[in-house]
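> The structure that follows is given in the form of structure tokens.
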Amino acid sequence: MNVLSVVSAKGGVGKSTVAANLAVALHDLGHPVLAIDLDPQNGLRFHFSFEVGSGNGLSSSGGDASALSGLAEITPSGVALIPYGQCDEAQRLGFEAGLVHRPAWLSDALGNMSLADNAIVVIDTPPGPSVYMTQALTAASLAIAVTLPDAGSYVTLPQLRSLFESYCLGRPEFRGYGFIVNQVDQGRQLSRDVATMLRASFGDRIIGRIHQDQAISEALAFGQSVFQYAPHSEGARDVMACARWISGRLAAPEGRAD
């Protein structure tokens, strides 16, 4: 089972946008893809269509692992989506309480699904440490942190690295972790400087850069991925390059968590 967990230490970095577009790119590379929204904001669906994911979702499963397969909806891009789902505060708190007591619930639930050998599960999470991030990292074959090329994001990365080491390293099925630098603006000196610092600090763990491209935000306004809206844009090329790295890493032999 190939599980890509997409996380961030802070909000506003474009994590859900990156997760959704990576899911479409991996599907275009030939992988069956299941995207799971593990964020109570329930917003991942808007990156695929305004028509999907409006009803039941993870939060309505009642912690029943066998119910996951029935919650998946096929989006116009071909990616299957399990939304977080609409719920009231009591339902959300009850769902989260169950996740606290069963930190491997998602991992076990995915293990019970009949997924193809080359399928990839892409999990989107809320920013910062949470019960949702614990679930996602416990299930992860590969963990990706999305960050911005700014000082505020840079100082949060050691905390993320510590979380990766706590929940991921040591599991034989874990293939490693890396960082995607999002919204890179080559016209800004600070953006270039921080990108250079990230490369110096994390080396080959920098999977790639996604340049600031209006086509990506415009695609969301139409409920589409950047590959549907502007397939030849710079943003689409950047995301696809990251997806190729991810596909290759997941295809590598197990145990490569260096």
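> Have a look at Ala236, Ala219, Ala97 and tell me which one the Gaussian network model of the chain (Cα, springs below 10 Å) gives the largest fluctuation.
Ala97
> Quick check: convex hull of the Cα atoms in the chain, volume per residue, rounded to a whole Å³? Write down the numbers at each step before the final one.
Working: hull volume 29.1 nm³, N = 258.
So the per-residue hull volume is 113 Å³.
> Describe numerically, in nm with one decimal, the distance between label points set 7 Å from Cα along Cα→Cβ at Gln86 and at Val100.
Computed distance between label sites Gln86 and Val100 equals 2.8 nm.
> Something else now. Given the Cα-Cα distance of Val155 and Glu51 and 0.36 nm per residue of separation, how much length would full extension add, in nm?
Here the segment from Val155 to Glu51 would lengthen by 33.6 nm.
> While we're here: Once you order the gyration tensor axes a ≥ b ≥ c over the Cα atoms, which shape class does the stretch 166-258 get: rounded for a/c under 1.5, otherwise prolate or oblate by comparing a/b with b/c?
oblate
> Would you mind checking which residues have amide H under 5 Å from Val3's amide H? H placed 1.01 Å from N; only 5 or more apart, or other chain.
Val121, Ser141, Leu142
> Let me ask you something else. So what is the relative contact order of the stretch 2-251, in percent, for Cα pairs below 8 Å that sit 6 or more residues apart?
26
Here, each number is a calculation from the coordinates, and none is a lab measurement. In this text, all values refer to a predicted model and were calculated from it rather than measured experimentally. Every residue, glycine among them, receives a Cβ derived from its backbone with ideal geometry; neighbour counts consider all protein chains shown.
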